[in-house]
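Colleague: Just dropping this structure here.
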4 protein chains.
Amino acid sequence: MKLEFDTDRELDIIAIGRACIDLNAVEYNRPMEETMTFKKYVGGSPANIAIGTSKLGLKAGFIGKLADDQHGRFIEQYMTGVGVDTSHMVVDKEGHKTGLTFTEIKSPEECSILMYRDEVADLYLDASEVSEEYIKKAKILLVSGTALAKSPSREAVLKAVQLAKKNDVQVFFELDYRGYTWASPEETSIYYTLVAQNADVVIGTRDEFDVMENIENGNNDETVNALFQHSPKLIVIKHGVEGSYAYAKSGDVFRGNAYLTKVLKTFGAGDSYASAFLYALLNGKDIETALKYGSASAAIVVSKHSSSEAMPTVKEIEQLIAEREAVTNQ
Amino acid sequence: MKLEFDTDRELDIIAIGRACIDLNAVEYNRPMEETMTFKKYVGGSPANIAIGTSKLGLKAGFIGKLADDQHGRFIEQYMTGVGVDTSHMVVDKEGHKTGLTFTEIKSPEECSILMYRDEVADLYLDASEVSEEYIKKAKILLVSGTALAKSPSREAVLKAVQLAKKNDVQVFFELDYRGYTWASPEETSIYYTLVAQNADVVIGTRDEFDVMENIENGNNDETVNALFQHSPKLIVIKHGVEGSYAYAKSGDVFRGNAYLTKVLKTFGAGDSYASAFLYALLNGKDIETALKYGSASAAIVVSKHSSSEAMPTVKEIEQLIAEREAVTNQ
Amino acid sequence: MKLEFDTDRELDIIAIGRACIDLNAVEYNRPMEETMTFKKYVGGSPANIAIGTSKLGLKAGFIGKLADDQHGRFIEQYMTGVGVDTSHMVVDKEGHKTGLTFTEIKSPEECSILMYRDEVADLYLDASEVSEEYIKKAKILLVSGTALAKSPSREAVLKAVQLAKKNDVQVFFELDYRGYTWASPEETSIYYTLVAQNADVVIGTRDEFDVMENIENGNNDETVNALFQHSPKLIVIKHGVEGSYAYAKSGDVFRGNAYLTKVLKTFGAGDSYASAFLYALLNGKDIETALKYGSASAAIVVSKHSSSEAMPTVKEIEQLIAEREAVTNQ
Amino acid sequence: MKLEFDTDRELDIIAIGRACIDLNAVEYNRPMEETMTFKKYVGGSPANIAIGTSKLGLKAGFIGKLADDQHGRFIEQYMTGVGVDTSHMVVDKEGHKTGLTFTEIKSPEECSILMYRDEVADLYLDASEVSEEYIKKAKILLVSGTALAKSPSREAVLKAVQLAKKNDVQVFFELDYRGYTWASPEETSIYYTLVAQNADVVIGTRDEFDVMENIENGNNDETVNALFQHSPKLIVIKHGVEGSYAYAKSGDVFRGNAYLTKVLKTFGAGDSYASAFLYALLNGKDIETALKYGSASAAIVVSKHSSSEAMPTVKEIEQLIAEREAVTNQ
């Protein structure tokens, strides 16, 4: 099974949401208190996906708001450098700052982050800064859940979704849940449900779907049945090392295995997964193959230091898939 | 043409939103600076509709939040007194106040209001205070647009709409636009569009539909065509003294005339209209007849001092209709 | 003992702080839930004192901020009407509202108020709106404690005190404590202490001095000894029906008795007391006599319906004193 | 001329205010956009002074609030490690973050900083967390101006000053102006004036005294004459490379020269100056000698990469003074 896209669009994908700075521990395998040096990368789920898809050769654009400072300028320069269309990234004029994520890598299994998300520029994206002309140039609008966490960014995203649907742009909703910023679990659930019901494709971990439903230990079948009453036609639920499932409205279910790898840290897995999955779908691969691309891309990124710079090429992804299939088929 | 309702529900209608205090000028036909005495009434569009429908014999409930003070207690006592089920009106415990509306009646044509809406209790209704068990008892959930103006009331209403749809409760959206509290016209437009697309019936003045579309001088045909792509099956657009139009998804259009009357003030017209319109629909009247009930009820209220206490009985409404039809048919 | 004032100043007193609206129960001796009509008066402690002293023939000015609406205009018109110089009352341009006080009179002993103080215009008085040229025209700057409850009004008052001291304007601090708006008892204590230490004269009830010291059941001697380490030269502590004490830095203590009267409500007693006390001091009366003027003025106001309109004339005050002295001397 | 201190106190100095993280450019002499790695140090003026004086052998304590995260714990561990008494550093329980300062060193003359000060833990120090028992253990309370920028830290500092004066603890006010956080220049001026008038010693650059007076190009004589009407007995005004002036209430004026040095960056100069100046005064040096200690300490820090770790020892300071005096006396 394959998804169909309107080939007559200038951009493959427009991502909307945050573009931030990651400050990754240079000295790792220790608590952050003992890390004395940090290396700077562009970060933030939708920025990573724009960068990841752009590196894979897709035409990616971005809608977001940047701080008017050195960090904001670095992000804009970096994203332009890898080929992302940054013409709709606006610069904040009210003194808001770039979001920061300090990473702590105690061990491959014990990773945590320390986020600076108070009054960050990306959450001040305003609905008036979202352009219908721009959105209708894309095959896909990729919405990151965290952009719904606060006004006015929340309204900017809701408007983008309304415009996408009006103009037959497919809405991909990457749940990307970050507890920070949300007022309550109930608030998250309400907006996640609202956007998921209006999306064409919904992607997230099982934990994130639980957040959407405001329940614990949710059930995939119940989740997809409820959403298939509305717009979604494909729902991908990821279960970590146990792999992922893609549910189609038709009733088909596809399973994707995780590729084992030497893990340095777990950050960035979801974004690299989404990038390669999108790449595969847009290149006419069937869903089963797209799941492999996602898994392979994730496996590569978790073995490296950054989330954005480590985004693999098509060749690297396909090579990993080929190697693993060879092993499996022996 | 008639609307169908599930007869097997305990309540005819649950209204959600604000219940406030009106302070009406005792000495009128002058600027408010010269008014020295004010009379107290329950006010707020959804409270007026709950009161109005209850006086007409419907079983009405209310979901809202009241200040923990004398004004809050007065509202609860008054609404209970006219038969509204107030079991789901919660009392604010964080010191928020009751919304106030001082009315200024310079002349029947020059009415204005002075609203106190900062930090009011009704806007602090929380999603956790909206019960699925309660909502599914009703035939109709009546949503007032002003309750969408601010969090957490906004999320409480969005949740109520999600629960209503899940439980086949018909959603009536009374646009009820008040400029106060909203952050921007664009924000209003986004949430009005979102709820209108999910409603079964949408009611408002032409000006209010313009607010929903964030345009000037909008066109009824374009408005209803856009909404009929989504859930609505009936849309009522009011044009003041020129009467109102009811558009059905089927393509039928019904016109309702305004009944001329001796106007004291213009406040309360919309709420009394909605109350009688709802009453008629729920009693199996066809849409044309329901429009007459609405117009007659509005005509009665604008000739009196209050919005809530002045809500007419069925007999008064039917008597006015009969009188006017007699004149028309001569 | 008498206080000395610079006779070469254009104004006797400038009060700074809030000018609001009182909505007094027309039907009283009942809970407010049962009061259906309210009468409108100018209210707020410093406004009442400006009005009260103006009615007594002093030249009074006012520094404050008014809402740009019907209530704000009413206040400005009323205060100008009774002779207060309102040239330094500025009009808010950001949509803030006039503070409101609904009064509940269950019985002469059971009075309570319901205040609307969220986002009120008076608390938005900005330091940039306080003029040194104006302040130095006055003999006395009267500071009301409530104006310290929140920024930017807090800073406007602190600036006014700094300017008064720089220009030898005597600072009278009327504690006027209202629990509403303050973040914590500790915060109140810090700013009350700070302004009291910089004032020439401090006036308050024993309860209000307890608030200043953030203690319970404080002791007058300890209170005045601590303050006399700083600027104050006269401290008046009021004990309700038991009368009041005036402590001079010299060590002298003066006692003033309360005049019994037929009480309608307790509101306004403090403001009328302060007005007449100020009047007497400025007219060269000794402190003992000034205490009598204060008590007589308070006795008159508590027997009437309003706080501002009921402010007595000199003749009424002196007549009451004469009557009571006649009785006492029998 | 020497200052006298109560020798019977357990601690030499308690500093109050912020303890934050500096992230210093590892690759410098370039714009920050091109810096990819940052080194972590403890920062913030009063923390630097506590660290600096502690390294010089004084007994230093600190009152402040730390984030409940890795950065907060690093600060606490580092300060304890260099001998600062951190028993009154409280841990924030409301999710506030550690303040951050990214430094940009384009050239020794072109240094700038990028501060993260929104919702930082240090500004949430509460007055209830300031202990009279602790403050009265110290000879000196060192107040940093930035801690006055916002409530509730502002009130915590005002309380600390009130307690210090009540207990004869000398108040040293280091103006330490940072434009960030303050609502307006007027607001800064009001609180700077208020604390300066209550301090024993005031230290700042000429620019910072201009901020205090809310003027441009202020005059030292006018500045000190105004302050000497109040509590201050010593005022130090720094003029960068032109050296500094110490004005005594007695009328004496002392001049201190700056020591030229190879400058890496300008950060940290003021804090190292204050640390050594305090050390010298507390060790019975006269004011002229204390000015030399300040200048020598500043010269050492600006030649090194950090502000806190670079704080010199007494030996280093005295050696630099000796070397320079030798040159001067040739």
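Where a number appears in this text, it was derived from the coordinates with a stated rule and is not lab data. Because the structure is predicted, anything quoted here is derived from the model rather than measured. Using ideal geometry, Cβ is built from the backbone for each residue, glycine included, and neighbour counts are taken over all protein chains shown.
Colleague: Once Lys and Arg get +1 and Asp and Glu get -1 on their Cβ, which of D:Gly64, D:Met1, D:Pro31 lies farthest toward the positive end of the dipole of the stretch D:1-70?
Modeller: D:Met1
Colleague: Expressed in nm², what is the orientationally averaged projection area of the convex hull enclosing the Cα positions of the stretch D:188-317?
Modeller: Computing the convex hull of the Cα atoms and averaging its projections yields 7.9 nm².
Colleague: In the Gaussian network model of chain B, springs joining C-alpha atoms below 10 Å, which of B:Ser128, B:Ser308, B:Ser297 carries the largest mean-square fluctuation?
Modeller: Of B:Ser128, B:Ser308, B:Ser297, the Gaussian network model singles out B:Ser128 as fluctuating most.
Colleague: Once you list every other residue whose beta carbon is under 13 Å from the beta carbon of A:Thr193, what net charge do they have if Lys and Arg are +1 and Asp and Glu are -1?
Modeller: -3
Colleague: While we're on this one: With a cut-off of at most 14 other beta carbons within 10 Å, and DSSP calling the residue loop, which GluC sites (Glu not before Pro) in the stretch D:60-156 qualify? Please list them.
Modeller: D:Glu94, D:Glu109
Colleague: Quick check of the Kirkwood formula: for the stretch A:110-164, what is the inverse mean of 1/r over all pairs of different Cα atoms, in Å?
Modeller: For the stretch A:110-164, the Kirkwood estimate is 12.3 Å.
Colleague: Where Rh is the Kirkwood radius over the Cα pairs of the stretch B:77-233, the temperature 10 °C and the viscosity 1.306 mPa s, what D in µm²/s does Stokes-Einstein return?
Modeller: 94 µm²/s
Colleague: Report the net charge of residues surrounding C:Lys59, where surrounding means a beta-carbon distance below 11 angstrom and charges are Lys +1, Arg +1, Asp -1, Glu -1.
Modeller: Once positives and negatives cancel, what remains is 0.
Colleague: Got a sec? Which residues in the stretch C:256-290 would a label at C:Ser107 touch, if it sits 7 Å along Cα→Cβ and we count backbone N under 19 Å?
Modeller: Of the residues in the stretch C:256-290, C:261-267 have backbone N under 19 Å from the label point off C:Ser107.
Colleague: Using only helices, what value at 222 nm comes out for chain B when you add -39,500 (n - 2.57) per DSSP H run of length 4 or more and divide by the total residues, to the nearest 500 deg cm²/dmol?
Modeller: -11000 deg cm²/dmol
Colleague: Write out the GluC sites (Glu not before Pro) in the stretch C:1-67 meeting two conditions: DSSP loop, and at most 11 other Cβ atoms within 10 Å of their Cβ.
Modeller: C:Glu4
Colleague: Still on this structure: Based on Cβ point charges of +1 for Lys and Arg and -1 for Asp and Glu, what charge dipole magnitude is obtained for the stretch C:21-177 about its Cα centre, in debye rounded to the nearest 20?
Modeller: Rounded to the nearest 20 debye, it is 580 debye.
Colleague: Now for a different question. May I ask which of B:Lys150/B:Lys304; A:Lys106/D:Lys304; C:Lys238/C:Lys292; C:Lys249/D:Lys159 have a Cα-Cα span longer than 20 Å here?
Modeller: Beyond 20 Å between Cα atoms: B:Lys150/B:Lys304; A:Lys106/D:Lys304; C:Lys249/D:Lys159.
Colleague: For the protein assembly as shown, what number results from the quotient of the Cα radius of gyration and 2.2 N^0.38 Å?
Modeller: Working it through for the protein assembly as shown, the quotient is 1.05.
Colleague: As an exercise, use a Förster radius of 22 Å and the Cβ-Cβ distance of C:Ser303 and C:Glu34 to find the FRET efficiency, rounded to the nearest 0.05.
Modeller: About 0.45, to the nearest 0.05.
Colleague: Taking a quarter of the surface of the convex hull around the Cα atoms of the stretch C:21-95, what do you get in nm²?
Modeller: 6.1 nm²
Colleague: Give me the percent of Cα-Cα pairs in the stretch D:239-312 that sit more than 15 Å apart, rounded to a whole number.
Modeller: It works out to 51 percent of all Cα pairs.
Colleague: Along its three principal axes, how long is the stretch D:79-149 when you only count alpha carbons? Whole Å, largest extent first please.
Modeller: Projected onto the principal axes, the Cα atoms of the stretch D:79-149 cover 46, 30, 26 Å.
Colleague: Of all beta bridges DSSP finds with both residues in the protein assembly as shown, what is the antiparallel percent, to the nearest 5?
Modeller: Looking only at bridges with both residues in the protein assembly as shown, the antiparallel portion is about 45 percent.
Colleague: Right, here's the next one. May I ask you to list the aspartates and glutamates whose Cα is less than 15 Å away from that of A:Lys137, ignoring any residue fewer than eight positions away on the same chain?
Modeller: Qualifying aspartates and glutamates at Cα under 15 Å: A:Asp6, A:Asp8, A:Glu10, A:Asp12, A:Asp85, A:Asp168.
Colleague: A further question on this structure: Tell me the net charge near C:Lys285. Cut-off is 12 Å between Cβ atoms, C:Lys285 excluded, with +1 for each Lys or Arg and -1 for each Asp or Glu.
Modeller: Spelling it out: positives minus negatives among the neighbours equals -1.
Colleague: Given that compact globular proteins tend to follow 2.2 N^0.38 Å, what is the ratio of the alpha-carbon Rg of chain D to that value?
Modeller: For chain D, the normalised Cα radius of gyration is 0.93.
Colleague: Among A:Leu227, A:Leu148, A:Leu278, whose mean-square fluctuation peaks in a Gaussian network model of chain A (Cα, cutoff 10 Å)?
Modeller: Fluctuation is largest for A:Leu227.
Colleague: Related question: Choose one answer from A:Asp200, A:Asp286, A:Asp122: the residue with the largest mean-square fluctuation in a GNM of chain A with alpha-carbon springs under 10 Å.
Modeller: In the Gaussian network model the winner is A:Asp286.
Colleague: For the stretch D:26-154, just the Cα atoms, rotate onto the principal axes and tell me the three extents in Å, largest first.
Modeller: Principal axes ranked by extent give 49, 35, 25 Å for the Cα atoms.
Colleague: Further question on the same structure: Once whole DSSP H runs in chain B are found, which of them have Cα atoms spread over 18 Å or more along the helix axis and a mean Kyte-Doolittle score of at least 0.0?
Modeller: B:269-282, B:287-301
Colleague: How high is the FRET efficiency from A:Ser128 to B:His239, r the C-beta distance, R0 30 Å, rounded to 0.05?
Modeller: 0.50
Colleague: Follow-up question, since we're still on this one. Could you tell me the relative contact order of chain B? Use alpha-carbon pairs under 8 Å, at least six residues apart, and round to a whole percent.
Modeller: Relative contact order for chain B comes out at 17 percent.
Colleague: Here's something else I'd like to know. Across the residues of C:28-37, average count of Cβ atoms on other protein chains within 10 Å?
Modeller: What the average comes to for C:28-37 is 4.
Colleague: To continue, here is another question. Among the trypsin sites (Lys or Arg not before Pro) within the stretch D:193-299, which fall in a DSSP loop and have no more than 11 other Cβ atoms within 10 Å of their own Cβ?
Modeller: Counting only loop positions with at most 11 other Cβ atoms within 10 Å, the trypsin sites (Lys or Arg not before Pro) in the stretch D:193-299 are D:Lys262.
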